[in-house]
Amino acid sequence: VQEAAAYAVSMCMGDEQQQGTPAARSLAREVNTQIERVAMRFESPEGEFLCECGSADCDARLRMPLDEYERIRTEAGRYFVAPGHEARADDPVIERHDAYVVAQAALA
Ligand SMILES: [Zn+2]
């Protein structure tokens, strides 16, 4: 997890784009998959996931129950961002919660 997170950060550092990119988002998604795996191994009911807005300068972390994470993940194109970061992602918002916002990416 540490390596994956460090890799994600180094990828973002070289990118001066403010707007979220699909590539950066899929990278955050990969890291989150690892975070979930570790949380499950430690039998934690929740994980601290990376915001998936895809912005280069975003390092927001969202605390979320694993059940909730799974629920969002099973929907194609659905992802979550920190409150306020949905504007960067520029996709329709599906749900608003105190800790995170769920958005829907256009499906190819
Ligand atoms: Zn963000």
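The numbers here are math on the coordinates, done by the rules we state, and not lab data. What you see is a predicted model; the values in this text were computed from it and never measured. FYI the Cβ positions are ideal-geometry reconstructions off the backbone, even for glycines, and counts take in every protein chain you see.
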Next on the checklist: Within segment 85-103, take every residue that is more than 26 Å from Pro45 (Cβ to Cβ) and touching a strand residue (DSSP E or B) at 6+ places or on another chain (Cβ under 8 Å) and give me the one that is farthest from the ligand (Cβ to nearest atom).
Outcome noted: Pro92
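Scan segment 60-74 residue by residue and report those that are in a loop (DSSP other than H, G, I, E, B) and touching a residue at least 12 places away in the same chain (Cβ under 8 Å). Show your work before the answer.
Initially, segment 60-74 is screened for residues in a loop (DSSP other than H, G, I, E, B), giving 60, 74.
The one that is in a loop (DSSP other than H, G, I, E, B) and touching a residue at least 12 places away in the same chain (Cβ under 8 Å): Ala60.
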Checklist entry - Looking at segment 55-82, which of the residues that are within 18 Å of Ala108 (Cα to Cα) and within 16 Å of the ligand (Cβ to nearest atom) is surrounded by the fewest Cβ atoms within 10 Å (Cβ to Cβ)? => result Arg78
Next on the checklist: Would you confirm whether or not segment 83-92 contains a residue that is of a type in the set (A, V, I, L, M), in contact (Cβ under 8 Å) with a residue 24 or more places away in the chain and buried (at least 21 other Cβ atoms within 10 Å of the Cβ)?
Outcome noted: yes
Item to check | Glu48 more than 16 Å from the ligand (Cβ to nearest atom) and either touching an Asp or Glu at 6+ places or on another chain (Cβ under 8 Å) or acidic (Asp, Glu) (or both) | outcome: no
